[in-house]
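A.B. asks: Below you'll find the structure I mean.
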Amino acid sequence: MTTLARSVKGEKTFQSLPPATRDDVAAAPTNGHDCSGFDEATVEFEVGATDITVDGKVQESDDDGVADAYADIPGAAVTQFSATDDNKIKAISINMMGRKKFLKPIMTVGDGSVGAICAVRVRLSKAGQQPTAHGYAQLVEV
């Protein structure tokens, strides 16, 4: 899977999971992201039209899952999107101090008749450049 990335003045943004319709109780596959040299990570879970629930969380690993399997970061999960949470963005802000090198977002979509149009974006930044909660339905800080 290819991720799109861009860098601007101490910030790096990845499209970890491109927008698409997903369903059938599946965890949408995303890549791990090397967060070396960054102080903050913000993972944005975006849901467009939906008729099912959607869950979002973040896992970490020292080596992109090679010898150190990805594991959940305690507290790094958003409140479940409901079947009526159309056009919402929920985010997790992670202080990278003391964290493992790689982060991997996990988005799991429930079983519905139509599904959910959803996407995941990862923003890495230096200290003092953390995005604000403006525009998010929820911002979880870890």
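The values are calculated or read from the model by the stated rules, or taken from the named source; none is laboratory data. None of these values were measured; they are calculated from a predicted model. Here the Cβ is made from the backbone with ideal geometry for all residues, glycine too, and neighbour counts use every protein chain on show.
A.B. asks: Which residues, taken from region 1-29, are hydrophobic (A, V, I, L, M, F, W, C) and either modelled with pLDDT of 85 or more or touching an Asp or Glu at 6+ places or on another chain (Cβ under 6 Å) (or both)?
C.D. replies: Selection gives 14, 17, 20, 25.
A.B. asks: Restricting the search to region 80-108, which residues are without any contact (Cβ under 8 Å) to a residue 40 or more places away in the chain and outside any loop (DSSP other than H, G, I, E, B)?
C.D. replies: The first filter runs over region 80-108 and keeps only residues without any contact (Cβ under 8 Å) to a residue 40 or more places away in the chain, leaving 80-84, 86, 98.
Selection gives 81 alone.
This table checks each residue for (1) surrounded by 14 or more Cβ atoms within 10 Å (Cβ to Cβ); (2) hydrophobic (A, V, I, L, M, F, W, C); (3) closer than 16 Å to residue 30 by Cα; (4) at pLDDT 95 or above.
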site	(1), (2), (3), (4)
53	yes, no, no, no
59	yes, no, yes, yes
65	yes, no, yes, no
70	yes, no, yes, yes
74	no, no, no, yes
86	yes, no, no, no
100	yes, no, no, yes
103	yes, yes, yes, yes
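A.B. asks: Applying the selection to region 21-47, what residues are under 15 Å from the mean Cα position of the chain (by Cα) and in a strand (DSSP E or B)? Let's see the steps before the verdict.
C.D. replies: The initial filter retains those residues of region 21-47 that are under 15 Å from the mean Cα position of the chain (by Cα), namely 27-35, 40-47.
Selection gives 27, 28, 33, 34, 40, 41, 42, 43, 44, 45, 46, 47.
A.B. asks: Are any residues in region 88-98 more than 20 Å from residue 22 (Cβ to Cβ), surrounded by 19 or more Cβ atoms within 10 Å (Cβ to Cβ) and out of contact with any Asp or Glu (no Cβ under 6 Å at 6 or more places or on another chain), and if so, which ones?
C.D. replies: 94
A.B. asks: Being in a loop (DSSP other than H, G, I, E, B) and free of Cβ contacts under 8 Å to residues at least 12 places away in the same chain, is that true of even one residue in region 71-79?
C.D. replies: Looking for residues that are in a loop (DSSP other than H, G, I, E, B) and free of Cβ contacts under 8 Å to residues at least 12 places away in the same chain, one finds none in region 71-79, hence no.
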